[in-house]
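All remarks here apply to the structure that follows.
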Amino acid sequence: MSGCIFCKIAAGEIPATVVKRGDGMLAFKDLNAQAPTHLLVIPTTHVGTLNDAKDPGALGKLLAFARDVAQDAGVATKGYRVVVNTNPDGGQTVFHLHLHVLGGRVMHWPPG
Ligand code: AMP
Ligand code: ZN
């Protein structure tokens, strides 16, 4: 979608530190890391929010890809967190579906 920053990353039009590529999916480093490991997993075609994701199979693939990304980053055994902020009350600021993969430190609960 024109004007979407994550579509531009998927198209290689703006730089990002890509850590893994999958079938219709991409993982890259978050610019403003909130943990020693903070990666974002996106579908390469535009989906605005989790509410707009119509294909449960594709969502399952994204989640499995995030799990593999955590494994590759070396945080799977100690633990990590996968977060999907959705719409303004959920804290979403970039309206292209993304999964945050956070690890490398102890996560706290409840989240803010
Ligand atoms: P959210 O608030 O859940 O929508 O998360 C958006 C995330 O995208 C934030 O953690 C930002 O730091 C991150 N972000 C925004 N622009 C970029 C970019 N160009 N490259 C990498 N991460 C970005
Ligand atoms: Zn997009």
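The values are calculated or read from the model by the stated rules, or taken from the named source; none is laboratory data. Since this is a predicted model, take the numbers as computed values, not measurements. FYI the Cβ positions are ideal-geometry reconstructions off the backbone, even for glycines, and counts take in every protein chain you see. Ligands, DNA and RNA are stripped out before the accessible areas are found, and what is left, the full protein with its side chains, is counted by its heavy atoms. Shrake-Rupley method; radii C 1.70, N 1.55, O 1.52, S 1.80 Å.
For residues in segment 33-48 being over 23 Å from TRP109 (Cβ atoms) and without any contact (Cβ under 8 Å) to a residue 40 or more places away in the chain, which is least open to solvent (accessible area, probe 1.4 Å)?
From segment 33-48, those over 23 Å from TRP109 (Cβ atoms) are 42-48; that's our starting set.
If we keep only those that are without any contact (Cβ under 8 Å) to a residue 40 or more places away in the chain as well, we get 44-45.
Numbers: THR44: 54, THR45: 97 Å².
The extreme case among them is THR44.
What residue, of ASP30, ASP89, is at pLDDT 95 or above, of a type in the set (D, E, K, R) and open to solvent by 60 Å² or more (accessible area, probe 1.4 Å)?
Numbers: ASP30 fails: open to solvent by 60 Å² or more (accessible area, probe 1.4 Å).
None of the others qualify; the one that does is ASP89.
Identify, from the list THR44, THR77, the residue that is at pLDDT 95 or above, among the polar types (S, T, N, Q) and in contact with a helix residue (DSSP H, G or I) (Cβ under 7 Å, 6 or more places away or on another chain).
Details: THR77 fails: in contact with a helix residue (DSSP H, G or I) (Cβ under 7 Å, 6 or more places away or on another chain).
Just one listed residue meets the conditions, THR44.
Just need a number here: residues in segment 49-74 that are more than 13 Å from the chain's Cα centre (by Cα), surrounded by 14 or more Cβ atoms within 10 Å (Cβ to Cβ) and farther than 12 Å from VAL19 by Cβ.
2
State all residues of segment 87-112 that are in a loop (DSSP other than H, G, I, E, B) and touching a residue at least 40 places away in the same chain (Cβ under 8 Å); if no residue qualifies, say none.
Residues of segment 87-112 that are in a loop (DSSP other than H, G, I, E, B), as a first pass: 91-98, 104-112.
Within segment 87-112, GLN92, VAL94, PHE95, HIS96, LEU97, HIS98, GLY104, ARG105, MET107 qualify.
Could you tell me which numbered condition ASP23 fails, if it satisfies all but one of (1) more than 11 Å from ligand 1 (Cβ to nearest atom); (2) under 13 Å from the mean Cα position of the chain (by Cα); (3) open to solvent by 40 Å² or more (accessible area, probe 1.4 Å)?
Of everything listed in (1) more than 11 Å from ligand 1 (Cβ to nearest atom); (2) under 13 Å from the mean Cα position of the chain (by Cα); (3) open to solvent by 40 Å² or more (accessible area, probe 1.4 Å), ASP23 misses just condition (2).
Within segment 2-19, is even one residue surrounded by 13 or more Cβ atoms within 10 Å (Cβ to Cβ), of a type outside the set (A, V, I, L, M, F, W, C), within 13 Å of ligand 1 (Cβ to nearest atom) and in contact (Cβ under 8 Å) with a residue 12 or more places away in the chain?
no
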